[in-house]
Amino acid sequence: MLGGLPFYCHHNIDWWNPSLDGRMPRARDLTICAGWKREIQKLAATCYFKKHRAIKQSYAKIGLGALVHFIHGTSKREKATAMKTLDGVIRALVKERDEAESAHG
C-alpha cells in the first residue's frame, strides 16, 4: 500500500480450489481491493504521493521481489537476505508515511 501499487481483491477467490493449481486468476477477472482504495485515499489526503511517487513505487517493487525470494528461498541465508531487504523497504516507506502524516497533521 505504501508504494501505491494496486492490490487486487482476494475475497472472491477460492484459494482452496484445486483447479487454480497455484495459478492466479486472470487480471481482467479481478477488481482493486476496496480496503486498499480506502487506505490509499487516506494516504493521498496527507500528500504522501505528491513527493517521490516513482521512488516509492520502486521500493514497493523491491519489497515484493524480496518477499518472493523469501517464499522461494531454499536456504537460511537466502531467506535472511530477503528479510533484511524487506525490512529496509518497509522501514523506509513507513518513515515517509510518518513524515507525510506529521506534516499534514
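The values are calculated or read from the model by the stated rules, or taken from the named source; none is laboratory data. None of the values given here were measured: they were computed from a predicted structure. Counting neighbours? That spans all protein chains shown, and the Cβs are built from the backbone with ideal geometry, glycine included.
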Is it true that some residue in the stretch 41-53 is among the β-branched types (V, I, T) and within 16 Å of the chain's Cα centre (by Cα)? no
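Condition check ((1) in a helix (DSSP H, G or I); (2) modelled with pLDDT under 75; (3) touching a Cys at 6+ places or on another chain (Cβ under 9 Å)) across all residues:
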site: G3; (1), (2), (3): no, no, no
site: P6; (1), (2), (3): no, no, yes
site: H11; (1), (2), (3): no, yes, yes
site: D14; (1), (2), (3): no, yes, no
site: R23; (1), (2), (3): no, yes, no
site: W36; (1), (2), (3): yes, no, yes
site: I40; (1), (2), (3): yes, no, no
With respect to R97, determine if the residue is surrounded by fewer than 12 Cβ atoms within 10 Å (Cβ to Cβ) and either part of a helix (DSSP H, G or I) or touching a Leu at 6+ places or on another chain (Cβ under 9 Å) (or both). no
Of these, T74, T85, which one is closer than 30 Å to A45 by Cα and β-branched (V, I, T)? T85
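Does any residue of the stretch 69-87 turn out to be of a type in the set (D, E) and either touching a Gly at 6+ places or on another chain (Cβ under 6 Å) or closer than 30 Å to H11 by Cα (or both)?
Within the stretch 69-87, the subset of a type in the set (D, E) is 78, 87.
Cutting the leftovers down to either touching a Gly at 6+ places or on another chain (Cβ under 6 Å) or closer than 30 Å to H11 by Cα (or both) gives us 87.
Yes, the stretch 69-87 contains a residue that is of a type in the set (D, E) and either touching a Gly at 6+ places or on another chain (Cβ under 6 Å) or closer than 30 Å to H11 by Cα (or both).
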